[in-house]
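Student: Below are the structure tokens for one structure; questions will follow.
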Amino acid sequence: MSLWEFANPVKFMALSGKVLPWVIGLCAVTLIPGLIWGFFFTPEAANFGNSVKIIYIHVPSAMMAINVWVMMLVTSLIWIVRRHHVSVRAAKAAALIGVTMTVIALITGAIWGQPMWGTYWAWDPRLTSFLILFLFYLGYMALWAAIDNPDTAADLTSVLCIVGSVFAVLSRYAVNFWNQGLHQGASLSLDKEEHVSNVYYQPLLLCIAGFILLFVALVLIRTRTELRLVRLHRLDVRERMKDA
């Protein structure tokens, strides 16, 4: 069995329909306990107080905001190279989820930043590149909405996705590229000096797993919806041609 077989919309719909309930279930048993553990059963941090607990939403949403764009890049490249409609529809389906994760990350970052830095916003390299990534998400969605021909829209949005990937990389590695800026290093790191304390680490891993599964569930639901809309559009066009 080849992975490319699931580029067939019929086979994708069949497989995703079977997988989706399991993904939703796994999401529930990781995300809900992770959030409860993190918010109610971890101590205050010495330097941050209870504000540290926002990491259970901020860190997973920020990670997903970047990685959703990477997923969109991969599926857009598949469209450009192999012209598989499921892949580009998956990219379109992921965009709304990605922009939502970006908004959550920006808002929670501002809430955390105010008591830590004394300001809700600073033109920090990571924050600025993250804001630009948010604008690319909006541009991607607007381009899909502005073009009637679906193949032309898929081509142009795929190119935009490739260009925007520069800022996805910058959002992840800006702290490494530039030493200036207020934003601290990664919360999950091999460096013990930068790594978040173990008491926060385990529930954080559960929350990250939950956010990943939440994304998979939502992108499957939205991709299935996109494929149904494509089918309905083709049937509508066919009926109009018959009437003409």
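The values are calculated or read from the model by the stated rules, or taken from the named source; none is laboratory data. None of these values were measured; they are calculated from a predicted model. As a convention, Cβ positions derive from the backbone with ideal geometry for all residues, glycine included, and neighbour counts pool all protein chains shown. Protein only, heavy atoms only, side chains kept; ligands, DNA and RNA dropped before computing areas. Shrake-Rupley method; radii C 1.70, N 1.55, O 1.52, S 1.80 Å.
Student: Quick one: length gained pulling Ala145 to Val230 fully straight, 0.36 nm per residue minus the C-alpha distance? Don't skip to the end; give the middle numbers.
Tutor: On the way: separation 85, 0.36 × 85 = 30.60 nm, distance 1.42 nm.
Extra length from Ala145 to Val230 when fully extended: 29.2 nm.
Student: Run the Debye formula on the Cα coordinates of the range 84-140, all scatterers equal and no solvent, and tell me log10 I(q)/I(0) at q = 0.17 1/Å.
Tutor: Log10 I(q)/I(0), no solvent term: -0.61.
Student: OK, next. Starting from the Cα-Cα distance between Lys242 and Val10, subtract it from 0.36 nm times their residue separation and give me the gain in nm to one decimal.
Tutor: That pair, Lys242 and Val10, stretches by 81.0 nm at full extension.
Student: Label points 7 Å out from Cα along the Cβ direction at Gln202 and Val70: separation in nm?
Tutor: About 2.7 nm separates the two model spin labels.
Student: Then there's this: If you average 1/r over every pair of different alpha-carbon atoms in the range 53-112 and take one over that average, what Kirkwood value in Å do you get?
Tutor: Hydrodynamic radius (Kirkwood, Cα pairs) of the range 53-112 is 12.1 Å.
Student: Here's a follow-up. Might you tell me the accessible area per residue for the range 75-167, computed with a 1.4 Å probe and given in Å²?
Tutor: On the way: 4080 Å² over 93 residues.
Result: 44 Å² per residue.
Student: Report the label-to-label distance for Arg83 and Val163 in nanometres (one decimal), using points 7 Å from each Cα along the Cα→Cβ vector.
Tutor: Between Arg83 and Val163, the simple spin-label model gives 2.5 nm.
Student: Pop out the carbon and sulfur fraction of the accessible area of the range 32-144 as a percent, whole number, probe 1.4 Å.
Tutor: On the way: 3650 of 4920 Å².
Carbon with sulfur: 74 percent of the solvent-accessible area.
Student: Rounded, prolate or oblate: which fits the range 113-155, taking a ≥ b ≥ c as square roots of the Cα gyration tensor eigenvalues, rounded meaning a/c under 1.5, else prolate when a/b beats b/c?
Tutor: Because a/c hits 1.5 or more and a/b exceeds b/c, the range 113-155 counts as prolate.
Student: State to the nearest 20 debye the size of the charge dipole of the range 23-167 about its Cα centre, where the only charges are +1 on K and R beta carbons and -1 on D and E beta carbons. Walk me through the numbers on the way to the answer.
Tutor: Numbers: 6 positive and 5 negative charges, 44 e Å.
In debye, rounded to 20, the range 23-167 gives about 200.
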